[in-house]
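> Provided herewith is a single structure, encoded as structure tokens, for subsequent inquiry.
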Amino acid sequence: MLVNGIKRCADYQDVAYATLYLNRLLSVRDAEAKFGDGTSRVLLEAARYTALWMTYEDTIRVADLKIRRTRFNRVGDEAQVQNDQILQIREFLHPRSEEFADTLPTAVGRWLLRTKPVTNTIEKLTKNGIILQTTSIHGYIMLYFIARLKPIRRRSLRFNLEQERMDQWIISINQEIESNYDLAYEIAECANLIKGYGDTHANGWRNFLLVMEQVKSLRNESGVAGRISELRKAALADEDGTKLRAILA
């Protein structure tokens, strides 16, 4: 698990980022050693979801994945493209103003989000989506340029926001692991609610916050781990959180 996480974080950013991944897990490892039940399941799930969370899908990551040779080969195999045929891949992109802001330096990104004329212009230009042919020179170069923005990612609005969110999640796990190991495990599993890109990610984050609010309000009650498990599974049942909100109503 750790090896895969290290490789994933290094590929996503650099070796220093992979080191941060390991450092982020040290406190969970120590708590697991002191208060665990022998299964190491909290540490394992924390390691799994920390790696996934640290490699969140921003515009840089999405562009990078779309232009990789392995993707072209996979799509070609799935389409059963023959040697005498030409493969064309068209992407349907629907970027929101939030995605533009996320990639910008923190101060600039925040300015963009609170400047309605700018966000309204972006929304008007992208409301019908953008079709980009990845296999064309123009499309490939555009995505290549975006993917090469990796060195400035650490200064971006999204990067700093996600680091704060992850650290708070780790703190929540460590706060519960001594007194309620099962609850700590469920908190670790809740990171699975946060995934994807754009609207999918936004919905997942809202569901995560709803479940974590219940962790705070129910943490001293008996059976809280089972309740959080129920809510987490409900949140995974549909993307917009309809089932979760029905249970909480």
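No lab work stands behind these numbers, since they all come straight from the coordinates. These numbers come from a predicted model, not from an experiment. FYI the Cβ positions are ideal-geometry reconstructions off the backbone, even for glycines, and counts take in every protein chain you see.
> Give the total of Lys-Lys pairs in the stretch 59-154 with Cα-Cα distances below 24 Å; include a pair only if its members are 8 or more places apart or on different chains.
Numbers: Lys66/Lys127; Lys66/Lys150; Lys116/Lys124; Lys116/Lys127.
Summing the qualifying lysine pairs gives 4.
> Using the count of nearby Cβ atoms within 10 Å as a rough guide to exposure, how do Thr70, Thr59, Thr134 rank from fewest to most? Each step should come with its number before you reach the end.
On the way: Thr70 8, Thr59 22, Thr134 19.
So the ranking, lowest neighbour count to highest, is Thr70, Thr134, Thr59.
> How big is the charge dipole of the stretch 105-229 about its Cα centre, in debye rounded to the nearest 20, if each Lys and Arg gets +1 on its Cβ and each Asp and Glu gets -1 on its Cβ? Could you put the intermediate results ahead of the total?
Values: 17 positive and 12 negative charges, 203 e Å.
The calculated dipole for the stretch 105-229 is roughly 980 debye.
> Let me ask another. Normalising by the residue count of the chain, find the relative contact order in percent from Cα pairs under 8 Å and 6+ residues apart. Show your work: numbers first, answer last.
Working: 281 pairs, mean separation 51.9, N = 249.
Worked out over the chain, it gives 21 percent.
> Could you put Glu186, Glu164 in order, starting from the residue whose Cβ has the fewest other Cβ atoms within 10 Å?
Glu164, Glu186
> Please arrange Leu113, Leu43 by counting, for each residue, the other beta carbons lying within 10 Å of its beta carbon, fewest first.
Leu113, Leu43
> Here is a follow-up. Determine how many Å³ per residue the convex hull of the Cα atoms of the stretch 1-91 encloses.
It is 120 Å³ per residue.
> Another one. Kindly express, to the nearest 10 degrees and within the range 0 to 90, the angle between helix 137-147's C-alpha long axis and the longest C-alpha principal axis of the chain.
30 degrees
> A further question on this structure: Could you work out [θ]222 nm for the chain from helices alone, using -39500 (n - 2.57) per DSSP H run of at least four and dividing by all its residues? Round to the nearest 500 deg cm²/dmol.
Value at 222 nm, helices only: -22000 deg cm²/dmol.
> Now for a different question. Please give the peptides 194-201, 90-97 ranked by average Cβ packing (other Cβ atoms within 10 Å per residue), highest first, as a rough proxy for protection. Numbers along the way, then the final one.
Values: 194-201: 16.4, 90-97: 14.6.
Ranked by mean Cβ neighbours within 10 Å, highest first: 194-201, 90-97.
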